[in-house]
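Data first, discussion second: the structure below is written as structure tokens.
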Amino acid sequence: MDIVAALSLSLAIALSWQGFRPIFAVSTDEAVLRSPATMLASSVWLGSLGLAFSAGSIGAGGLVVSFGLFLSVLLQKSSVRAPAKVSLALATVFLVSHLCIRV
């Protein structure tokens, strides 16, 4: 797997995780679950996950996903935060850029 393609997938995973994660919480409001932002974040995250494992071996896919989740934790603990819509837009851009690199 090309390093730029893997990095773009890791960034897409990292930036979309905060929008995807609330669907697993019991206390999440139904309006959040049905919002277009949550649906887009879920699509980006699951698409990136599938592409990470389809591009190479299970080990390489696991490394891409784990690096993306590690970046997500770093971004969450960072003092500099972007709005959720900006993060989701960047995640979409990184996913599309991965698709452009792979084609």
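Using P(r) over Cα pairs in 5 Å bins from 0, in percent as the read-out, say which of [x] 2, 14, 24, 24, 18, 11, 5, 1, 0; [y] 3, 9, 6, 7, 5, 6, 6, 5, 6, 4, 5, 4, 4, 4, 4, 3, 3, 3, 3, 2, 2, 2, 2, 1, 1, 1, 1, 0, 0; [z] 2, 12, 21, 22, 17, 12, 8, 4, 2, 0 was calculated from these coordinates.
[x]
Taking K and R as +1 and D and E as -1, what net charge do the other residues with C-beta under 14 Å from the C-beta of LEU69 add up to?
Value of the local net charge: +2.
With a 1.4 Å probe and every protein chain left in place, work out the accessible area per residue of the chain in Å², rounded to a whole number.
In whole numbers, the chain has 60 Å² accessible per residue.
If you stretched the chain out fully between ILE58 and MET39, how much longer would it get, using 0.36 nm times the residue separation minus the C-alpha to C-alpha distance?
That works out to 4.2 nm of additional length.
Rounding to the nearest 20 debye, state how big the charge dipole of the chain is about its Cα centre with +1 on each Lys and Arg Cβ and -1 on each Asp and Glu Cβ.
About 140 debye.
Compute the distance in nm between two label points, each set 7 Å from the Cα along the Cα-to-Cβ direction, one at VAL93 and one at ASP2.
1.9
Put +1 on the Cβ of every Lys and Arg and -1 on every Asp and Glu Cβ in the chain; which of VAL44, ILE58, LEU71 then has its Cα farthest towards the positive end of the dipole?
Of the candidates, LEU71 comes out farthest on the positive side.
At 222 nm, what value in deg cm²/dmol follows for the chain if DSSP H runs of at least 4 each add -39500 (n - 2.57) and the sum is divided by all its residues, to the nearest 500?
-26000 deg cm²/dmol, from helical runs alone.
The values are calculated or read from the model by the stated rules, or taken from the named source; none is laboratory data. Everything numeric here is computed off the predicted structure, so don't read it as measured data. Cβ atoms come from the backbone with ideal geometry, glycine included; neighbour counts cover every protein chain shown. When the accessible area is computed, the model is the full protein with side chains, heavy atoms only, and any ligands, DNA or RNA have been set aside. Shrake-Rupley method; radii C 1.70, N 1.55, O 1.52, S 1.80 Å.
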